[in-house]
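Computed from the coordinates by the stated procedures, all read-outs in this text should not be read as laboratory data. Keep in mind that what you see is a predicted model, and the values were worked out from it rather than measured. Note that we place each Cβ from the backbone using ideal geometry, even for glycine, and neighbour counts take in every protein chain shown.
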Amino acid sequence: MRYLDLTLPSPEENLALDEALLLQAEAAEPPFECLRLWEPSDPMVIVGRSSQVAREVHLHACRERGIPILRRGSGGAAVVAGPGCLMYAVVLSLRSRPELRAIDAAHCFVLNTLVEGLGALVPDIAARGTSDLAWGDRKFSGNSLRVKRDTLLYHGTLLYDFPLPLVELCLATPPRQPGYRGGRSHGAFIANLPVSGAELRRVLVSAWSAAEPLADWPAELMRSLAQTKYACRDWNERF
């Protein structure tokens, strides 16, 4: 698997790069797979493809603090990211792994790979709900996916040194909740893993056997997507 540890200057570019990697892999012959890691330099809210922004986000609080609100191309609910939240994306070939065309199997495969790797650092980690990772009964990772004909993008968050009160400040109670949450507030539900960013990076690279650097990442496609989609109000505020 290829490996890219790259944080771009703007939120729009960083979201665009995940999609550009998916599209690059979809068009590649022979198929290739990659792991990308990045970490925002400033707080940002990222809503899901079908999220209703006014329902999931405290708009006034975000605007008052200059926290941008952007929409990703995958599903799921809103998250808050920033320093102390490592973002990962794994692009997988469905030609090489046809069993992952079943969405439940894709969730199970990716989350179990992460659990196995992270479990070497912290005990009592498990996949919970549809696509969460939890330490005990507290969530530290939210994840979502997007599927093309022959390629899968699975990406998410890994909290390790994040200012957790910012989540309560920026996000409303989500419209859909996993059963294990038990109606808890954000503050009582989420947690940071007691590890460093460097440890997380090391474990993820090892878990995915991502040994070969991705030198030819799709810069032009990323820039086009950032300008025509992820920086556009029509996309970010469409619901």
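From the list ALA172, ALA105, ALA127, ALA61, which residue is out of contact with any Pro (no Cβ under 9 Å at 6 or more places or on another chain), of a type in the set (Gly, Ala, Ser), free of Cβ contacts under 8 Å to residues at least 12 places away in the same chain and surrounded by fewer than 19 Cβ atoms within 10 Å (Cβ to Cβ)?
Going through ALA172, ALA105, ALA127, ALA61 in turn, the sole match is ALA105.
Checking the condition assigned to a loop (DSSP other than H, G, I, E, B) and touching an Asp or Glu at 6+ places or on another chain (Cβ under 9 Å), which residue from GLY75, GLY66 passes?
The unique qualifying residue is GLY66.
Across segment 167-187, which residue is farthest from ILE46 (Cα to Cα) among those that are small (Gly, Ala, Ser) and not in a helix (DSSP H, G or I)?
In this case the residue turns out to be GLY182.
Hey, could you check segment 78-116 for residues that are more than 17 Å from the chain's Cα centre (by Cα) and among the small types (Gly, Ala, Ser) and say which is farthest from GLY156 (Cα to Cα)?
Looking at the filtered set, the residue picked out is SER96.
List pairs: first residue in segment 175-194 and farther than 24 Å from GLY119 by Cβ and in contact (Cβ under 8 Å) with a residue 12 or more places away in the chain, second residue surrounded by 11 or more Cβ atoms within 10 Å (Cβ to Cβ) and of a type in the set (Gly, Ala, Ser) anywhere in the structure, Cβ distance under 8 angstrom, at least six positions apart or on different chains.
Hits for this filter: PRO175/ALA77; ARG176/ALA77.
Is it fair to say ALA127 is of a type in the set (A, V, I, L, M, F, W, C), assigned to a strand (DSSP E or B) and farther than 27 Å from ALA27 by Cβ?
yes
Output the residue which, of all residues in segment 193-239 that are touching a Lys or Arg at 6+ places or on another chain (Cβ under 6 Å) and part of a helix (DSSP H, G or I), is nearest to CYS85 (Cα to Cα).
Applying the filter and picking the extreme gives ASN236.
So, of the residues in segment 196-231 that are charged (D, E, K, R) and within 19 Å of the chain's Cα centre (by Cα), which turns out to be surrounded by the fewest Cβ atoms within 10 Å (Cβ to Cβ)?
Across segment 196-231, the extreme among qualifying residues is ARG202.
Scan segment 78-88 residue by residue and report those that are in a loop (DSSP other than H, G, I, E, B) and either closer than 16 Å to GLN52 by Cβ or among the polar types (S, T, N, Q) (or both).
ALA78
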